[in-house]
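Take a look at the structure set out below.
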Amino acid sequence: MIRVEREEAVAIVTIDRQEAMNALDVATLTQLRDRLRELADDDSARVVIVTGAGEKAFVAGADIKYMSGLDVDQAKEWGALGHETGRLLETMPKPTIAAINGFALGGGCELAVACDIRYAASGARLGQPEVNLGIIPGWGGTQRLARLCGLGVAKELIFTGRIVDADEAQRIGLVNAVHDPVLDKAREIGTLLASKSPIALRLMKELANRALGGDHARNLEAEGETFGALFSSEDSKEGLAAFVEKREPKFVGR
Ligand code: CAA
């Protein structure tokens, strides 16, 4: 099951299927997709944290027992559901943070990589072991990992299926920081981001998501356009005025 808790403007989404190391079966992944859709459209949620229940796993991947019975069409549908879920984390108009509390393997690592920011507990283990099952990463692992860690590191990890510990994950750029308890770090940064202008965050995310693809000159033009247009917002006036008046800004999201 998927639990969603609110701590003011921060939503914490917990994937709870502990009997299977939080591996995602159809019901759990569908629920996760549906909860993320709702949070994407809900302006009162300014930041979304995703974590796994218990101490052992973030998500140990797609459910292998379920996958062992799939035919080609069913496997395509299964891949599409994972892609849609990753896409929501990557593109929803607010920051998403993965709090990796244990194993993040296969589809679990892929969902974490689809988030904007990743923190890991010191005992976390990450990797793409699909190759050991005779399959390939199917929820973004052949694409997003390279954007995060560089193509050479990504190829080594997906070709070998090697699992990395939290320190190595940080060294190769797979996670932003290692912290125990990891949810405290995610909460701290989530609360910080919830105090910023949601409009500025939404636009930065949209622009940053273009940084590694498309036409560089056109992307810079889009940044220039957006930078200018944002000066009509209340939040920009508030932020600039608060600095001049030597006070803390109060952003309203307009
Ligand atoms: N799918 C289904 N069940 C899983 C699972 C998975 N991905 N991962 C763990 N489980 C289940 C185990 O089968 C076991 O259930 P039973 O008690 O009913 O046998 C239970 O969770 C506990 O797991 P273990 O006994 O194996 O625990 P462990 O501590 O010895 O090992 C582990 C933990 C290293 C995570 C190990 O379970 C493991 O290697 N899991 C599979 C990881 C994996 O290969 N993930 C990639 C899946 S493919 C994928 O995700 C494709 C994609 O790109 C979308």
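Descriptive notes on the structure:
- Each residue of the stretch 16-127 gets 92 Å³ once the volume of the Cα convex hull is shared out per residue.
- When each of the peptides 168-174, 36-42 is scored by how many other beta carbons lie within 10 Å of its residues on average, the order from highest to lowest is 168-174, 36-42.
- Per-residue HN-Hα couplings for the stretch 133-140 [Karplus 6.51, -1.76, 1.60; θ = phi - 60°; Hz; x = Gly/Pro]: 9, x, 10, 10, x, x, 10, x
- Evaluating 6.51 cos²θ - 1.76 cosθ + 1.60 at θ = phi - 60° for every residue in the stretch 248-254, the Karplus couplings come out as 6, x, 10, 8, 10, x, 10 Hz, glycine and proline recorded as x.
- A crude spin-label estimate for the pair A75 and M204, with each label 7 Å from Cα along the Cβ direction, gives 4.1 nm.
- Here the Karplus curve 6.51 cos²θ - 1.76 cosθ + 1.60, taken at θ = phi - 60°, turns the phi angles of the stretch 114-129 into couplings of 6, 6, 6, 9, 10, 10, 10, 6, 4, x, 5, 10, 10, x, 10, x Hz, with x standing for Gly and Pro.
- Most to least packed among 5-16, 123-134, 88-99, 236-247 [average Cβ atoms within 10 Å]: 88-99, 123-134, 5-16, 236-247
- Space enclosed by the convex hull of the alpha-carbon atoms of the stretch 198-244, per residue, Å³: 71
- Unit charges at the beta carbon, dipole of the chain: most positive-side option, L133, A169, I15: A169
- Taken along the Cα-to-beta-carbon direction at a fixed 7 Å, the label points for I135 and T30 span 1.8 nm.
- Each of K185, K250, K56, K196 has some number of other Cβ atoms within 10 Å of its Cβ, and from fewest to most they run K250, K56, K196, K185.
- For K246, the lysines whose Cα comes closer than 18 Å to its Cα, not counting residues fewer than 8 places off in the same chain, are K196, K237.
- Close amide-amide hydrogen proximity is noted between R125 and G102, F103, A104, each under 5 Å apart and 5 or more residues distant or on a separate chain (H modeled in the peptide plane; Pro and chain starts excluded).
- Multiplying the residue separation of R171 and K56 by 0.36 nm and subtracting their alpha-carbon distance yields 39.2 nm.
- Computed log10 I(q)/I(0) for the chain at 0.12 Å⁻¹: -0.71, from the Debye equation with unit scatterers placed on every C-alpha and solvent omitted.
Taken together, the values in this text are just the output of simple stated rules run on the coordinates, not laboratory data. Worth saying up front: this structure is predicted, and the values here are computed from it rather than measured. Cβ coordinates were reconstructed from backbone atoms using ideal geometry, including for glycine residues, and neighbour counts include every protein chain displayed.
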